[in-house]
1. Among residues belonging to the range 91-110 that are assigned to a loop (DSSP other than H, G, I, E, B) and of a type in the set (Lys, Arg), point out the one that is modelled with the lowest pLDDT.
2. Looking only at the range 590-606, how many residues end up being open to solvent by less than 30 Å² (accessible area, probe 1.4 Å) and more than 18 Å from LEU647 (Cα to Cα)?
3. Quick one: would you say GLY486 is among the small types (Gly, Ala, Ser) and either under 22 Å from ALA369 (Cα atoms) or modelled with pLDDT of 90 or more (or both)?
4. Which of the residues belonging to the range 466-491 are assigned to a loop (DSSP other than H, G, I, E, B) and surrounded by 21 or more Cβ atoms within 10 Å (Cβ to Cβ)?
5. Report the residue count in the range 514-557 for those that are within 19 Å of PHE354 (Cα to Cα), touching a residue at least 24 places away in the same chain (Cβ under 8 Å) and either part of a strand (DSSP E or B) or open to solvent by 20 Å² or more (accessible area, probe 1.4 Å) (or both).
6. Against the condition open to solvent by less than 30 Å² (accessible area, probe 1.4 Å), modelled with pLDDT of 80 or more and either in contact with a Pro (Cβ under 7 Å, 6 or more places away or on another chain) or of a type in the set (S, T, N, Q) (or both), how does VAL88 come out, does it pass?
7. Which condition number does GLU80 fail, the rest of (1) buried (at least 16 other Cβ atoms within 10 Å of the Cβ); (2) of a type in the set (Asp, Glu); (3) within 27 Å of GLY168 (Cβ to Cβ) being met?
8. Could you grab me the full set of residues in the range 306-337 that are more than 24 Å from THR651 (Cβ to Cβ) and among the β-branched types (Val, Ile, Thr)?
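The values are calculated or read from the model by the stated rules, or taken from the named source; none is laboratory data. On a predicted model such as this, the values are computed, not experimentally measured, just so you know. Using ideal geometry, Cβ is built from the backbone for each residue, glycine included, and neighbour counts are taken over all protein chains shown. In case anyone asks, the SASA skips ligands and DNA or RNA and just uses the protein heavy atoms, side chains included. Shrake-Rupley method; radii C 1.70, N 1.55, O 1.52, S 1.80 Å.
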Amino acid sequence: MPSTSHKYLTLFVAEASEHLATLQSELVRLEQEPPAAPLWDAIFRRMHSVKGSAATLGFTRIVDIAHAAENLIARLKGKEGKIERAEVDLLFAATDALVKEIVKLDKKEEDESTITLVDRLAKAAQALPDPALSARPVPPPPVMPTADPSLPRLDVSVVLSKTCAAPGARALIVQRKLKAMGTLLEMEPTPAQLMQQKGGARIAALLATLTATDEVREALVALPEVEQVEVRIAPAARPVEEGRPLPPPPVPIVSPPQASMRGQATPPLVRGLTPPPVDADELRPEPTVRVRAEALDQLLDQAADVMHGIARLREAAKRLPEHVAARLDGDIDRLRRTARELHGRVMSARLTPFSSLTERLPRAVRDLAHRLEKTIELDVQGADVELDRTVIEALGDPLSHLVRNAADHGLEDPQTRERAGKPPRGKLTLTARRERDKVIVEVQDDGRGMDAAALRRKAVKSAAMTQEAADALSDDAAYELAFLPGVSTRDDATEVSGRGVGLDAVQRKVESLGGKASIRSVPGKGTTFVLELPLSVSMANLLLVQVGGELYGVPLHRVLLTTEYDLSARGGEGFDARSLVVMGELVRAYGLAKLFGLPSLAPPGPRPFVVMEVDGLRFAVSVDRLVGQEEAVLKPLFPPLDRVRGLSGITVLGNGRPLLVLDPRGLAELCGIHETSKPAPAAKGAA
């Protein structure tokens, strides 16, 4: 690798990786829709960008692969007829090879597989006709839209937000919406002209319609990333006096090349509509800067340290004379608000769009469908929803498993679907949406659905529960059995799934993030996996409890309720496990002091209990005292505390005292409730 490339290596790897990730999604579209010229142009442009950057830095192997792939793409664009799967597979092989080369840029040895791939790409390109050498017929001029002259004409002006990442796609949505309400006579600029741009845009259109101006305006304002809409009656379409003839229909738009061919001047864009001048700065995309994730993590830690310092300062001010403390309180409050705002801004900077997870799924679904001999359509909705980077990184494997599970378990093969009256192509929908302080992710398929009776049999066979408990489950509760270890919806294991370990890992990972996983299913219609995730995992609301002179924090999202109960008459301090009546159900009770080997300082008599729920199993732990609630910035545990079961993190209180945060799942394992409460899913179904 040339020595001059080290300076720009990080930037090249980041940009090339983005191009290749998007390129894989675009290659999948070649098999799902008739490839049009804009799609081929986008594919060629991304491959050319990777080649150009690599050539500048002297990465010859990347240049060779990208150049050979470029030649094949150019030939395929001019090919008549359907693109063969083998040709798309070859382009995928080129993309995979480029990814591998980017990963091992520090190696200098020649890779024989690279030479072989370049040769295969070259042979495939030579087998296709060169579009540059074949004369193409001149396409006929487009048919311009016409409308009834008596229809009112509306001048429509739409301004897209300057933060719009794909104005061409938004313009296409605007165009479709206008066509649905009438006859679209003119539109400038067209969606195709905006496809290669980013940032804001102003769209002017002439619409012939009977729809009221307010209805047109409301329909357009409801579209995403539309900042401003103006709708008014065009001057040529205003009401005329009685006896006067109606004006002639508007002259359709003629592009400048067509105007010169016809020997006439280009007519105005939209008669009667002169958009106000727009400052170029308003339509310019917002400037962005690449920041290393590690730098944001460090900044977040420092912002948290500032908040902890302010809390300690507030505690120290309480020990000052009253007249001095009163003057400091106002300054400390202002400083605290500024620190919280700083922490919030850093948290916002760490937010990552959901698309960073989904951009690799189209390729994975395509390869999996070919391996399973199925046809699958992947629909991703809500790709612009943002989550904390920590959540995004932790969600990668669970989401991939749910997609594989839906493709392998849920969706049927084309022949089975046709016999069931379904279209041969199965549909897999991945949806993300934000609800208050949570993000809901759904993985939905239109396949066969789950068999509740089969899940009950599997749960009993694996000794996860008794036959009586399984029979008492409702169908909705039985679907949740798929999350139990060793329970699978398949009778035989394949290389893709069926061993009964994946969904258990998915649930554990989601709950470790402070989220919740659930299942909805309709036999013969399909299954939906629902993941409820927090926007961020660095902030948490804690219930502070005291045990044996030590303070602990319990995540509030795991606390069902707190209560007082007197167990002294039923075993006193030596009890192993007793039961409380909570919401009409018996709940096992354990001593938190005994679990951690601490002395209990509470006097005999009624004792506070914290009731929690994990995997649908409810249990209670006794504490000495309930102290209060606290919103805290969590940090991971350091060795050797990270190996202590029952602990999940640490934070610092306002007085500078460290606070250990409890892990409800770890406490459940310490209590052994999974072994002692096999029929627990029945309680979950009843709750």
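1. Just the residues of the range 91-110 that are assigned to a loop (DSSP other than H, G, I, E, B), to begin with: 104-110.
If we keep only those that are of a type in the set (Lys, Arg) too, we end up with 104, 107-108.
Details: LYS104: 77, LYS107: 51, LYS108: 48.
So, considering only residues that are assigned to a loop (DSSP other than H, G, I, E, B) and of a type in the set (Lys, Arg), the one modelled with the lowest pLDDT is LYS108.
2. Keep residues of the range 590-606 that are open to solvent by less than 30 Å² (accessible area, probe 1.4 Å), which gives 590-593, 602, 605.
Now restrict to residues that are more than 18 Å from LEU647 (Cα to Cα): 602, 605.
Count: 2.
3. Values: among the small types (Gly, Ala, Ser): yes; either under 22 Å from ALA369 (Cα atoms) or modelled with pLDDT of 90 or more (or both): no.
Considered against the rule, which asks whether it is among the small types (Gly, Ala, Ser) and either under 22 Å from ALA369 (Cα atoms) or modelled with pLDDT of 90 or more (or both), GLY486 comes out as no.
4. Once the filter is applied, which keeps residues that are assigned to a loop (DSSP other than H, G, I, E, B) and surrounded by 21 or more Cβ atoms within 10 Å (Cβ to Cβ), the range 466-491 yields LEU473, LEU484, VAL487, SER488, THR489.
5. 12
6. Judged against the criteria, VAL88 is not a match.
7. Exception for GLU80: condition (1).
8. Selection gives VAL324 alone.
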